[in-house]
Amino acid sequence: MNAVDTSQPVAARPFAPIHPTHKFKLLLKREYWEHRGGFLWAPLIAGAISLLLTLMAFIVAEVAARRAISSGNLKIDGQVIVNGLDLGALTRNLDADKMQQLAQGIDVSLLLAAFWPFVVLAFVVFFYCLGALYDDRKDRSVLFWKSLPLSDTQTVLSKVVSAALVAPVLAVVVAVVTMAGHMVLLSAMVMLHGGNPVELLWGPASPLKVAAALLAAIPVFALWSLPTVGWLLLCSAWARTKPFLWALMVPLFAGIVVSWFELMKLFDLDSSWFWLNIVGRMLLGTVSGMDVLYRGGQVGGGGANGRQDFLSHLSASSVLSSLTMPSLWIGAVAGAAMIFFAIRLRRWRDEG
């Protein structure tokens, strides 16, 4: 055997420096694992509740329909249903106008099913941003993170990306899955009563179009939410205590002062402009679909016309048209400025 020569020093293996993108990826993973309950499980639970309520509504409707059929009180188009509710027979002679109304009704039900994860998203992102920089200072863990080779810019931007992109992407995925589950429940209900789900549901409705609109809303949400995300991160980095009160009261108090003294008249504007474009953008940016209101997309009245107008604003092209709004980009620049100041504040605001 050959003896190992230990007299010569062993050269240290060179290690390549960690690339900044790898650090940023690790920071994103950290944010996800620390807040997985809000980012993933909360939308999943909301989607499950939506499907459970849909199933319960179907059961109640089925029981009520069977009781009405047995008593001879169920009438459709003036005719009494005696032998059961045969959807195939009832919908066989529907004209094009009624089929269009049926399709619109299904699309609206899909949106209502997907609505719950986005409600959860608004609250999750809002309170995540409020505690993103404050909680580290509160439990003094900021000292540990600052001892690592991580810059304040990387740390804060990882929280911005988590709030503006990661959370909405997960919410959209959950919403699409919830819509698929909703269509499966509808299909089972239709087949139970002798109908063809392909002809009555999947053919007339536009689930892929609705899903495409939700996917297109991700970049719009990311940019539209920046003023709110920036303001909440700024409060989280600055406030010594109770960041929620600071984040809420400062814009509201400013709006009250502006309205009380009618300061916007100096610019030939009404006080409502300040509430809509300053207070609203600072506090309501995490609410999905708010850009529709700002681009003049208010839904019309009730009935078929109102429903059709509502659905026309939920196509992918209509959603992406918000990217042409000057107010979106002005708000994004303002949000970026507040994020910059939040980064600067984190460099020295490390007290508990």
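Quick note: the coordinates plus some simple rules give every number you see, no bench work behind them. Being a predicted model, the structure only gives us computed values, none of them experimental. Neighbour counts are summed over all protein chains in view; Cβ atoms, including those assigned to glycine, are modelled from backbone coordinates with ideal geometry.
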Label point 7 Å out from ALA57 along Cα-to-Cβ: which residues of segment 107-121 have amide N under 18 Å? 107-120
Inter-probe distance in nm under a simple model that places probes 7 Å from Cα toward Cβ, at LEU248 and LEU323: 3.6
Sorted from fewest to most neighbouring beta carbons within 10 Å, what does the list ILE218, ILE59 look like? ILE59, ILE218
Run the simple label-point estimate for GLU199 and ASP97 please: 7 Å along Cα→C-beta, distance reported in nm. 2.2
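Please order THR228, THR153 by the number of other Cβ within 10 Å, starting at the fewest.
Exposure proxy ranking, most exposed first: THR153, THR228.
Given segment 180-273, what whole percent of its Cα pairs are spread farther than 24 Å? Mind dumping the intermediate values first?
Working: 2595 of 4371 pairs.
Tail of P(r) above 24 Å: 59 percent of Cα pairs.
Give me ASP152, ASP291, ASP270, ASP107 ranked fewest to most by other Cβ atoms within 10 Å of their Cβ, as a rough exposure proxy. Please report the intermediate quantities before stating the final value.
Values: ASP152 18, ASP291 24, ASP270 13, ASP107 21.
Lowest to highest Cβ neighbour count: ASP270, ASP152, ASP107, ASP291.
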Find the Cα radius of gyration of segment 196-248, compare it with 2.2 N^0.38 Å by division, and give the number to two decimals. 2.04
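What is the local net charge at TYR128, summed over the other residues whose Cβ is closer than 9 Å to its Cβ (Lys, Arg +1; Asp, Glu -1)? Don't jump to the answer; show the numbers that get you there.
Numbers: positive: LYS159; negative: GLU31.
Taking every Cβ under 9 Å from that of TYR128, the sum is 0.
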What net charge is computed for the residues neighbouring VAL161, neighbours being all others with C-beta under 14 Å from the C-beta of VAL161, Lys and Arg scored +1, Asp and Glu -1? +4
